[in-house]
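J.: The structure under discussion is supplied below as structure tokens; questions concerning it will follow.
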Amino acid sequence: MLLLPRMSSNLARSLLLLLFAFSICDAVALPGPISDRHRSAALELFAPQHGSFASLEESYEALRIFEILAVREKPDVRATTCPKVLENLVSSTPLKDLFYALKVNGILKCKVNGDIFKDIASRLKATVKDAKTLVDLYYSIGSLLLIKDQASDVDVLLADADGTFHSIKALSQSDGKWRYTDKPESSTYAAGLALEALAGVITLASSEIDQSRVNLVKNDILKLFDSIEKYDDGTFYFDEKLVGGHEHQGSISTTSSVVRGVFAFAAVTSGKINLPGDKILGLAKFFLGIGIPGDAKDLFNQIESLALLESNRISIPLILSLPASVYSLSNKDQLKVRVNTVLGSAAPPLTVKLVRAFSTVAKDSAVIQNKDLKYDQNSGHHVLDVLPDEVDVGIYVFVFEMVLHDADGEKVYATGGQIHVPIYVTGIVKVSNAESAVLDNDLGSIETQKTLDLAGNDIVSLSANHLQKFRFSFQLTTPRGHAFKPHQAFLKLKHETKYEHIFVVGNAGKKFEIVLDFLGLVEKFYYLSGRYDIELTVGDAVMENSFLRPLGHLELDLPEAPTSKAPRLPPLAVDPYTRYGPKAEITHLFRTPEKRPPTQLSLIFLSLTLLPLIGFLVGLLRLGVNLRNFPSSAAPATYAILFHLGIATVLILYVLFWLKLDLFTTLKTTALLGVFLLFVGHRILSHLATTSAKLKSA
């Protein structure tokens, strides 16, 4: 028996929902092929601004995705994009911009003069001959290929194809990766670019490339796939380890680059590249498993890579998916399986075989073996009509296998061997023989016993003291008549003061029983007598009738708490949802303003403060102040003017202090002005003293 004394009420009520949600999430169905959700995402991520896209690269990616997904309500950007295409074709733009201008033109079919293609082709041939980096070779050769498709009368063949092939191959590494330049850093992403460029060289070669060189590249591809990353579910992908001075590429763009390069090279060479089918299928699982990317570039790489996987000369992956991974015995659900290509096209004739199915708690004991699913032509599903009696509620692993009807199909399609799929089988669990009783502690005899119908609304009212025990029991039976042990079976006692105690109910076979000995629980109950509401929680992810229901109440009489050793009541658990509710209103009590003197008295006081100033002005007039002693020479006159300005500034500072300045600001400013006045005042007074002395001596 486990006691959980301080679990909040809301948390306890949420246990069933949380357990069911998390458990079902663990049984996510296998990723299916491309759906309408991808089309909606494409329209959202590739939405033109003011009728056009930000760049030709983005324009191509949007147009290419709309083309692959057959989006009907796609935006019309021809009127705004074609002028950009023509501008980049006729000007000396960077190779990357020229490359994407030709890509866009291949889709929009803008009106381009044939002479423009001839001029571009001659420039690109010269670039291929003098190129020193892999990126320049990639864009130049790719552009020549695009011109070959758009203007068949233009000469785009490479005179020295062998030399170009060798230049690109010289950048390869022993592990199948490629370098961008002659620097030692290698890159998986660059390997995809190199393979695409080599495929272009083979296509543009005026004479056949030496087959031995082609075989060396095929061997490089096999080495590259030896370093592929893998997840436990059979997903394969490439990741970038080191990119030197180039922009870092994530796993989606890196894997997409390799897929484009490998399939482009395989399309233009004779023979077959012997890549394992499980790795090709694993690449498809990777792109389908990422769901719908939130980034436009990632979505483009995903869709284009899946389009290449849909049709290639190496191996076409077939995707087995389930519409649901939860099946109900109560509803007699049928097990349905669908097989498609990555873009959702129909699979070739095949049979889906259920090799075996076993429970996760008894992996060595199969409940289903070697059963062929029936193909329904109307729905396109492979169906198992009825689950056998050996399949009860629980979590199972179903092992499927696809068997192609055409034996030669194994050379064309990748089925992936045996595919393990987690399946939840749910049902209504029977709850019966519920009893509650109060037992004498010493003899164990039953003092009070009551039965309950947990499927109904029965409640009980019991009473007990600290010398007695409380027993509660019930039984759980699966639809197939077997004992059922749920993930959750809790009994909660909640005191009228809101303190609650939660106990785990144990089981032996079908019977669940808990006995509470109140003599040993008085301290856990903090010696709180009174009414305790009883609540039972039973839940499991595969139990369709999981429940949380009140059972009644128990009047419990506990002894008084000892004064010296009584445990302190802990603070009640705070409901976390209350923090988001309305807060209590805060009322501020401001200090009552002090009484002020009458207005007439304030005016009289102001007049008295002005009397010294008036007296000062009258005194100046009586003394006959004049400017006869004001210095006439430049330096003394300057000091005299600065001295009087300083005095005026001090007076203005006094006024500002009265109106707005605080005491500390006024004192700091006055100190600075005092130093200034001391200096200029000393200079002017020294001049006046010297002048006076000269007059007296004369």
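The values are calculated or read from the model by the stated rules, or taken from the named source; none is laboratory data. Since this is a predicted model, take the numbers as computed values, not measurements. We place every Cβ from the backbone using ideal geometry, glycine too, and count neighbours over all the protein chains shown. Heavy atoms of the whole protein, side chains included, go into the accessibility calculation; ligands, DNA and RNA do not. Shrake-Rupley method; radii C 1.70, N 1.55, O 1.52, S 1.80 Å.
J.: Output needed for segment 244-322: three equivalent-ellipsoid semi-axes, defined as square roots of 5 times the C-alpha gyration tensor eigenvalues, in descending order, whole Å.
T.: Calculated on Cα positions only, the semi-axes equal 21, 18, 10 Å.
J.: Between LEU554, PHE117, SER365, whose Cα lies farthest towards the positive end of the dipole of the chain when Lys and Arg beta carbons carry +1 and Asp and Glu beta carbons carry -1, centred on the Cα centre?
T.: Result: PHE117.
J.: To continue, here is another question. Can I get the semi-axes of the chain's equivalent ellipsoid? Compute them from the C-alpha gyration tensor as square roots of 5 times the eigenvalues, in angstrom, largest first.
T.: Working from the Cα gyration tensor, I get semi-axes of 74, 63, 21 Å.
J.: How long are the three semi-axes of the equivalent ellipsoid for segment 586-698, computed from the Cα gyration tensor as the root of 5 times each eigenvalue, in whole Å, largest first?
T.: The equivalent ellipsoid of segment 586-698 has semi-axes of 43, 21, 9 Å.
J.: Normalised by the residues of segment 424-484, what does the relative contact order come to in percent, with Cα pairs under 8 Å and at least six apart? Mind dumping the intermediate values first?
T.: Working: 101 pairs, mean separation 26.9, N = 61.
Taking the mean separation of contacting Cα pairs over the length of segment 424-484, I get 44 percent.
J.: Per 10 Å bin, what percent of the C-alpha pairs of segment 177-260 does each bin hold, from zero upward?
T.: With 10 Å bins starting at 0, P(r) equals 16, 45, 29, 9, 1.
J.: Going by average Cβ neighbours within 10 Å, how do the peptides 512-522, 93-103 rank, with the highest at the top?
T.: Working: 512-522: 17.6, 93-103: 20.7.
Going by the mean number of other Cβ atoms within 10 Å, highest first, we get 93-103, 512-522.
J.: Now a separate question. Could you state the accessible area per residue of the chain in Å², with a 1.4 Å probe and every protein chain left in place? Before the final figure, lay out each step's value.
T.: Working: 38710 Å² over 698 residues.
Accessible area per residue, the chain: 55 Å².
J.: If the cut-off is 16 Å between C-alpha atoms, which aspartates and glutamates fall inside it for LYS84, apart from same-chain ones fewer than 8 positions away?
T.: Once the sequence-local aspartates and glutamates are set aside, what remains near LYS84 is GLU57, GLU58, GLU61, ASP76, ASP97.
J.: Please list the non-local residues whose amide H lies under 5 Å from the amide H of THR448, H modeled 1.01 Å from N, same-chain partners needing a gap of 5 or more.
T.: Amide H to amide H, under 5 Å and 5 or more residues apart or across chains, THR448 pairs with VAL438.
J.: Whole angstrom only: what separates the Cα centroid of segment 353-386 from the Cα centroid of segment 268-295?
T.: Each part's Cα centre sits 27 Å from the other's.
J.: Holding the Cα-Cα limit at 19 Å, pick out from LYS279/LYS336; LYS272/LYS297; LYS469/LYS524; LYS96/LYS183 the pairs that are longer than that.
T.: Violating the 19 Å Cα-Cα cut-off are LYS279/LYS336; LYS272/LYS297; LYS96/LYS183.
J.: Under 5 Å between amide hydrogens, which residues at least 5 positions from VAL460 or on another chain qualify, with H placed 1.01 Å from N in the peptide plane?
T.: GLY552, HIS553
J.: Of LEU462, LEU519, PRO479, which is farthest towards the positive pole of segment 418-554's charge dipole, taken about the Cα centre with +1 and -1 on the beta-carbons of Lys, Arg and Asp, Glu respectively?
T.: PRO479
J.: Now for a separate question. Return the carbon/sulfur percentage of the accessible area of segment 642-698, one whole number, probe 1.4 Å, all protein chains in place.
T.: Roughly 77 percent of what the probe reaches on segment 642-698 is carbon or sulfur.
J.: In percent, what relative contact order does the chain have, based on Cα pairs under 8 Å that are 6 or more apart in sequence?
T.: 11 percent
J.: Turning to a different aspect of this structure: Taking each full run of DSSP H in the chain as one helix, which ones are at least 30 Å long along their axis (Cα atoms) and have mean Kyte-Doolittle hydropathy of at least 0.0?
T.: 599-623, 634-659, 663-697
J.: Let me ask something else. Show me 590-599, 313-322, 670-679 ranked by packing, highest mean number of other Cβ atoms within 10 Å first.
T.: Most protected by this proxy first, the peptides run 313-322, 670-679, 590-599.
J.: For the peptides 280-286, 460-466, 477-483, what is the packing order when you average, over each peptide's residues, the other Cβ atoms within 10 Å and list the highest mean first?
T.: Values: 280-286: 25.7, 460-466: 17.6, 477-483: 14.9.
Answer by packing, highest mean first, reads 280-286, 460-466, 477-483.
J.: Follow-up question, since we're still on this one. In debye to the nearest 20, how big a dipole does the chain give about its Cα centre with +1 on each Lys and Arg Cβ and -1 on each Asp and Glu Cβ? Mind dumping the intermediate values first?
T.: On the way: 71 positive and 73 negative charges, 745 e Å.
I would put it at about 3580 debye.
J.: Lys and Arg at +1, Asp and Glu at -1: add these up for the other residues within a Cβ distance under 13 Å of SER256 and post the number.
T.: Summing Lys and Arg as +1 and Asp and Glu as -1 gives -4.
J.: Follow-up question, since we're still on this one. Once phi is turned into θ = phi - 60°, what whole-Hz ³J(HN,Hα) does the Karplus curve with 6.51, -1.76 and 1.60 give for every residue of segment 549-561, x standing for Gly and Pro?
T.: Result, rounded to whole Hz: 9, x, 9, x, 9, 9, 8, 10, 10, 10, x, 5, 6.
J.: Hey, if we sort LYS510, LYS583 by accessible area with the 1.4 Å probe, largest down, what's the order?
T.: Highest to lowest solvent-accessible surface, that is LYS583, LYS510.
J.: Would you work out which of LEU98, SER311, LEU222 lies farthest towards the positive end of the dipole of the chain, given +1 charges on the beta-carbon of Lys and Arg and -1 on that of Asp and Glu, about the Cα centre?
T.: Toward the positive end, the furthest listed residue is LEU98.
J.: Right, here's the next one. Work out the length of the dipole vector of segment 488-590 about its Cα centre, built from +1 on the beta-carbon of each Lys and Arg and -1 on the beta-carbon of each Asp and Glu, and round it to the nearest 20 debye.
T.: So the dipole magnitude of segment 488-590 works out to roughly 240 debye.
J.: What whole-number volume per residue, in cubic angstrom, does the convex hull of the C-alpha atoms of segment 475-515 give?
T.: 79 Å³
J.: For segment 45-126, calculate the relative contact order in percent as a whole number, restricting contacts to Cα pairs under 8 Å that are 6 or more residues apart.
T.: After rounding, I find 32 percent.
J.: How large is the dipole of segment 254-336 about the Cα centre if only Lys and Arg carry +1 and Asp and Glu carry -1, each at its Cβ, rounded to the nearest 20 debye?
T.: Magnitude of the dipole: close to 220 debye.
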